[in-house]
Each structure stands twice: as structure tokens, then as C-alpha cells.
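First up is the structure itself, then whatever we jot down about it.
The numbers here are math on the coordinates, done by the rules we state, and not lab data. From a predicted model like this one, the values you see are computed outputs, not experimental measurements. Ideal geometry is used to build each Cβ from the backbone, glycine not excepted, and the neighbour counts take in all protein chains shown.
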Amino acid sequence: MLTVGRSSALVALLLSFLILGAALVDASPQRGNGRNRGGNRGGNRGATRGGTRGGNRGGNANGNAGGNNNNAQPQTAQEQAAQIPGGISQATDGSTILDMTVDINNLPIRFKVSAAAADFTTLTDVTGATQDPNTPGTQGLNVLLHGDGGQSFFDFPNQGVLSNLAGVAVLAPDPNLFWGGGQGLDRTDGVAHAQAVNDLILDVLPQVLSFNSSNVFFTGVSGGALLMSGFFVPAHGANFAGNGVLLNCGALAPQVDVVDAATVGATTRIHFQSTQDELASLQQSIPEAIVAYEQIAADAGLSAAEVNALQTVDNTPNGGHCEFDGRDFVDGIQLIADNFATIMQGGDGEVNGIGNVLTGVVGNEQLVFAGGA
Ligand SMILES: *[C@@H]1O[C@H](CO)[C@@H](O)[C@H](O)[C@H]1NC(C)=O
């Protein structure tokens, strides 16, 4: 098995990519695959969705996904996802998507990277790749962690290169495709999963793509936002100082010690995006996370005005969980992804259909929800 441990030899890593590359040449594109969507929606019934809405989606999709499979019924969301081929395809903006799997700390980590073909390394099979491995580049990354069940990994709403950020999506190494494993707000594998994401970016991606590791932003969706705020930012945020994380429809106060809290608190841009009819458990945990992160910034010496410049929150859309457009889970997430630069990279925060989302957190920690509980 391919192994990319923190201390593994570079030779082994290079060999891994050569083997993978050979296997990926004939793989077909992702989008437009009917089973793809069905399988993902099926997985979407996560603990953070819950309720009848999640149940309905899950029921429909499971039938579709199972029907395409001859003898062996895919048992888990992870097994269903594994039937969707990786490989090389084209992003909506015409750039190239590479979808591959590596082993990191004994976890299977599947990821997608989208960027201009020339920016991939010659270790990959991307036609037109020009870069040597470990060659720093000018573009940054926007790394997305999907919600429970993996739908946003397959949809890849941050695909393409947007405002100098190449889109990356990572699939949770979990049978249910829950980031952090466990269920609900209890993400029992959060430490290991956060470590794997960190190692993917710092150790593996430089073998695949030329990028600027000082310009790496993050997007969390639902369960992915729980992993981001509960585990990744506290444990590894200092490795990506000066950037930020967009937490969609979910947040947790840090579940582990904050490493280099002064740096994380003073430099990490955080936006909490929710909706009026957010899930009940998240109506509790998002305000708790806001209070905790605000405190980290205050402890780092920031004034209220400085905290408000770094940490913002909005839950004005009249929609359910992740329905930021007021209507739909997928379209709502896409809307926020399309507006990443205006929200996270110094834009004015005006999102079409929502209004201005950049409300400072200070004094606005206790979000008012319309219902959904
Ligand atoms: C990398 O990103 C950092 C942070 O945005 C920036 O200051 C630096 O100039 C970038 N480097 C290159 C080569 O673009």
C-alpha cells in the first residue's frame, strides 16, 4: 500500500505517485455521473443533518446507488464513494482537476486539486504539467472539507482557480464520510483527521502542484466545519498563519489545545455563515465557537475593532441547514463558494441574494435563529 507518513522517505512518495499516475490515466471525469450524485446524497444523512429532510434524501439516493451495483451492495458511504472513479477531468473554469488517493498516516486520503495544467508537477499525468515537485508557486489554495456524507467533495463547489486560489477538496477517511468520524458534535477521530489534512497540504500537495504554502485558505461545510474549527485550526492553524477559514453551517469551539494561540488568534480570518433555520445542535455549537474564537483573538491582544475585522458572522438567510440561498443545500453552498473572495479575501462582503455578511462577532455572539430547533 502507498504510504505517506510524516517521516517516510521521499523516494517512497515519488514511487507512490508513479504507480498512482499509471492507474489514473484512463479514469473518467466526475461530473455528470448519475450514480455520483445519487451516492453522495445518500450519504448526506449525517448526524448534523438529522430530521426528516436528511432521511428523505438518503432514502432516494440509497436505492439508486445500490441498483447500479451487481452483486456486492456497497455497504458504506465510503465504499460507494470508492466506486466513483478518480482521475483527470476539466473544471468549470477550464482548468484541470486531478482526483487521486494517497495514504497518509495509515488513512486513505482522497483529494481533488484544480489548477492550470502547467502548474501541476511532472510527477502527475496531467497533460501539459511543467513543474518540478516542491516548487513554490504564486497561487494559493482554498481547501474544502465537505459535510457529512461527502456531497461537497463530489460537487467541488470551489473548483477552478478563483482569486488566485486553486480549489482543493478532500474526502473524509471515514466509513460514513464524516469529517472527524464519530457523530453529531462528537468527532472522535478529529485529531487524526486534522493531522492528515495538515500533512496532505504540507507534505503531499507540493509533490502534485506548484503553490504558495503561505496563502492557504480553508472552507468547511457542516461536518467539515466542525473538524476545521474543533480540531484543525487549533492544532494546525499556525502553520497557515495570516489566512482564514470560512465555516459554513457548522462550528465547534476548539476541542484540543490551541497551538501558538497568539498567532492563530491574531492572524486567522474566520467567517461563520449559518441560516435562520439551522440545525438545533448547531444553533448551540456555533455561538459557543464564536465566543471561544473571539476569546482567543482577545487573548492575543486584539481590540474589539480588530477582532471584528478578523472574525465575522452571518445567519440572515431564510433557509435550513446550509441553504444559504434560502432554498437548497447544494446551491446554497455554491453561492458562498462563488463569493469566497468577497467574504474572505478583503472584499466588501456583499453576497447577491443575502446582502452584506461581514458583521463583526463582538456583541453578536448569541445568534438569533427563527426556528429549525
Ligand atoms: C505567498 O503568499 C503570501 C501571503 O499571501 C504573500 O505575502 C507572498 O507574497 C506570496 N508569495 C508569492 C511568491 O506569491
From the phi of every residue in the range 271-287, what ³J(HN,Hα) in whole Hz does the Karplus formula 6.51 cos²θ - 1.76 cosθ + 1.60 yield, where θ is phi - 60° and glycine or proline is x?
-> 10, 9, 10, 9, 9, 5, 9, 4, 4, 4, 5, 7, 4, 8, 6, 5, x
Which FRET efficiency value, to the nearest 0.05, do you get for Asn318 and Leu202 by plugging their Cβ-Cβ distance into 1/(1 + (r/R0)^6) with R0 = 30 Å?
-> 0.15
Thr138 paired with Ser303, simple spin-label distance in nm, labels 7 Å along Cα-to-beta-carbon | 3.6
Once you sort the root eigenvalues of the Cα gyration tensor of the range 145-267 as a ≥ b ≥ c, which label holds: rounded (a/c under 1.5), prolate (a/b larger than b/c) or oblate (the other case)?
-> oblate
Cα gyration tensor shape of the range 288-338, rounded if a/c is under 1.5, else prolate or oblate by comparing a/b with b/c | prolate
Expressed in nanometres to one decimal, the distance between label points 7 Å along Cα→Cβ at Ala192 and Thr127 is 4.0
Pull out the extension gain between Asp93 and Asp257, defined as 0.36 nm times the separation in residues minus the alpha carbon to alpha carbon distance; nm, one decimal.
-> 55.1 nm
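Full extension from Ser281 to Glu79: what is 0.36 nm times the residue separation minus their Cα-Cα distance, to one decimal in nm?
Contour length minus Cα-Cα distance gives 69.9 nm.
Sort the range 201-309 into rounded, prolate or oblate with this rule: let a ≥ b ≥ c be the square roots of the eigenvalues of the Cα gyration tensor; rounded if a/c is under 1.5, and if a/c is not under 1.5, prolate when a/b is larger than b/c, oblate otherwise.
Values: a/c = 1.92, a/b = 1.26, b/c = 1.52.
Oblate, because a/c is 1.5 or more while a/b does not exceed b/c.
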Take Ala370, project a point 7 Å from its Cα along the Cβ direction, then tell me which residues of the range 316-349 have their backbone nitrogen under 11 Å from it.
-> 316-320, 326-327
The range 119-168: relative contact order in percent, alpha carbon pairs under 8 Å with at least 6 residues between = 30
